[in-house]
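Written below as structure tokens is the structure these notes are about.
The values are calculated or read from the model by the stated rules, or taken from the named source; none is laboratory data. Computed from a prediction, not measured in an experiment: that's the story for all the values here. Backbone-built Cβ (ideal geometry, glycine too); neighbour counts: all protein chains shown. With ligands, DNA and RNA removed, areas are computed over all heavy atoms of the protein, side chains included. Shrake-Rupley method; radii C 1.70, N 1.55, O 1.52, S 1.80 Å.
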Amino acid sequence: MSDQAQSTPDGGAATPPPEGDAAPKAPRLDESIREVGQAGRATVDSAKHTLRSLRRLASFEFALARSAFGRALAWSGVAIVFGASAWLLLAGTLIALMQRWGLSWFHSLLITSLVSLAMTGYAIWRVSFFFRHTGMHATRRQLSRLGLFDEPTDEDPDAHVGPTERTP
């Protein structure tokens, strides 16, 4: 078997080890300890940078969540003000106008109610759009990648926890 060529993982032929004094010497113990210590410090530095980046991400997401929450509240206020005051006046005017055109009370009230529901639906859509930004999705993804905050999935056997029953 010694006459067969040895190959390396990349497919090239391996060079035979040098014989005699040309063989590489193993590093001394203090050099090995120093290298392990440097690798440990590099690992700690990397962990510090990772945690610092995660803290910044969480900070930015909290700022985004605060801003989105404020905007959602502002749009809620717009929806309430519009729905409560201006629409009442406009609905009354529209009902009177439709009565003048010859529509019955029922049809006049139905049309204004449908327009009111459409505007309410639009306002609810805007509120839900901004409330989605309060979920801190990027921070959750990063925490999941680190294994610190795993949300249960459908594949987990313990994911489904049924409702607890209360005894009187």
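Points to keep in mind about this one:
- Against the test of being within 27 Å of Leu146 (Cα to Cα), modelled with pLDDT under 90, of a type in the set (Gly, Ala, Ser) and in a helix (DSSP H, G or I), the options Ala84, Ala63, Ala39 yield a single qualifying residue, Ala63.
- Of Leu143, Leu109, all but one fail to be open to solvent by 60 Å² or more (accessible area, probe 1.4 Å) and either acidic (Asp, Glu) or more than 24 Å from Gly70 (Cα to Cα) (or both); the exception is Leu109.
- Leu90 out of contact with any helix residue (DSSP H, G or I) (no Cβ under 7 Å at 6 or more places or on another chain) and either surrounded by 11 or more Cβ atoms within 10 Å (Cβ to Cβ) or assigned to a loop (DSSP other than H, G, I, E, B) (or both): yes
- Inter-residue pairs, beta-carbon under 8 Å, first without any contact (Cβ under 8 Å) to a residue 24 or more places away in the chain and in segment 93-115, second not in a helix (DSSP H, G or I), 6+ apart: Ile111/Leu103
- Selection of segment 60-92 for residues being over 30 Å from Gln142 (Cα atoms) and either aromatic (Phe, Trp, Tyr) or in contact (Cβ under 8 Å) with a residue 60 or more places away in the chain (or both) yields Trp75, Phe82, Trp87.
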